[in-house]
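See structure below.
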Amino acid sequence: MRRTTMWAWLGVAALAAFPLVAPMLDLDFYISFVRRVLIFALAAAGLNLVLGYGGMVALGHAAFFGAGAYTAAILNASGVQSALAAWPAAIAVAALLAWATGAISLRTRGVYFIMITLAFAQMLYYVVISLRQYGGEDGLNLTAPASLPGVDLGADVPFYYVVLLLFIVITLLFNRLADARFGAALQGVRENESRMGALGYPVYRLKLTAYVLGAGVAGLAGALLANHNLFVSPNLLHWTQSANLLIMVLVGGMGLRYGGVAGAAVMLSLEEALRQWTEYWHLPLGLLLLVVVFAAPRGFAGLLAPLFAPSRRNASTRGDASAPPAAATRADARASDVPAAGEGQGGRP
């Protein structure tokens, strides 16, 4: 077993044990806090697929996050409380929005792409504010937690384990994508889009697929957050929420396997600690983020990667997304060896 995988499963074991240990240490409140971190880690992981692996600097990811939250909340207000209906619907709505907006946005590049994704997100933000029947700018309360057969999603611990299970599944899926031909081709597009196009790869479709996948995960995270708070607000769709998710990815490690997860954990933990120290917690948080950017330009996941990787040579052989920079570059270069479009998108043999 690779050391990175071993440490990842040890982390999962610690997360699984936490709700059982927390009451003994009088830390019941932090069950809800860790659950919130896991939800935002999902949203950040979705953005990491778009930004880190695909090289698409999107400043409108909160639109999909908020769309998933509002889909779950509106269905709840309409009497549809089944999580088996609401959560897939939230994923579908977010993915469809990403497909519709991405089909236009991805025809642009650079600052134009950033601005058009921001514009679409702000348009959706103002649409939600105009929905007076669903609270408008005051937001919308959920009448009751979502229901799941055999699970009380209104209780802290059962809902925690549901979120943890979804987090594990999505993380495994993204790891599989990173190791598959799709992930290698996507990283190749990030490094040299023109070359990948010249080699016959469907660059536009690769980017749109990643964009839609990242949005779908963000929609699921939004639905989970709606059930977590039993309330949704237009602020979930505001550009500042997109900026928060973007910062999480940058702090955690853009394009690294657990970058989004690390960024969400660091950001929310710092926010929680500083909030207890001062009501003006934004200033010290900003200063700490500056220190992180200069001291760990590859993020926390990149800073810790050498501790988990057995050797530079082995990491480069595997093409691990959390490998040192030189190894990661060689893994990206292998995208040119992937069979051209039409030969399948299966896993690497």
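Nothing in this text is a laboratory measurement; each read-out follows from the coordinates by a stated rule. Small disclaimer: the values here were computed from a predicted structure and weren't measured. Neighbour counts run over all protein chains shown; Cβ positions are idealised from the backbone, glycine included.
Within the chain, the whole DSSP H helices whose Cα atoms reach 18 Å or more along their own axis and whose mean Kyte-Doolittle score is at least -1.0 are 3-21, 29-48, 62-77, 83-105, 110-129, 156-179, 203-229, 239-252, 259-277, 282-295. Here the calculated FRET efficiency for Arg176 and Met115, from their Cβ-Cβ distance with R0 = 45 Å, stands at 0.85, rounded to the nearest 0.05. Spatial offset of segment 1-48 relative to segment 193-216 amounts to 32 Å, using the alpha carbon center of each. If you run the Gaussian network model on the chain, springs between alpha carbon atoms under 10 Å, then out of Ser105, Ser130, Ser147 the most flexible one is Ser130. Ordering Gly60, Phe18, Ala223 by the projection of their Cα atoms onto the charge dipole of segment 16-308, which places +1 on the Cβ of Lys and Arg and -1 on the Cβ of Asp and Glu, puts Gly60 at the extreme positive end.
Taking the helices alone, the chain has a mean residue ellipticity at 222 nm of -22500 deg cm²/dmol, built from -39,500 (n - 2.57) per DSSP H run of at least 4 residues and averaged over all its residues. In a fully extended conformation the segment linking Glu272 and Ala296 would gain 6.5 nm over its present Cα-Cα distance, using 0.36 nm per residue.
Take the alpha carbon atoms of segment 157-183, find their center, do the same for segment 120-148, and report the distance between the two centers in whole angstrom. Taking the Cα centre of each part, segment 157-183 and segment 120-148 sit 27 Å apart.
Could you calculate the contour length gain from Ala243 to Arg205, that is, 0.36 nm times the residue separation minus the distance between their Cα atoms, to one decimal place in nm?
Gain on extension, Ala243 to Arg205, equals 11.1 nm.
Where the alpha-carbon atoms of segment 58-135 are placed on the principal axes, they occupy 43, 26, 14 Å, in descending order.
Model label points for Tyr161 and Asn141, set 7 angstrom from Cα along the Cα-to-Cβ axis, are 3.0 nm apart.
Over segment 76-121, the pair-distance histogram of Cα-Cα distances with 5 Å bins from zero comes to 5, 20, 21, 14, 12, 11, 9, 6, 2 percent, rounded to whole numbers.
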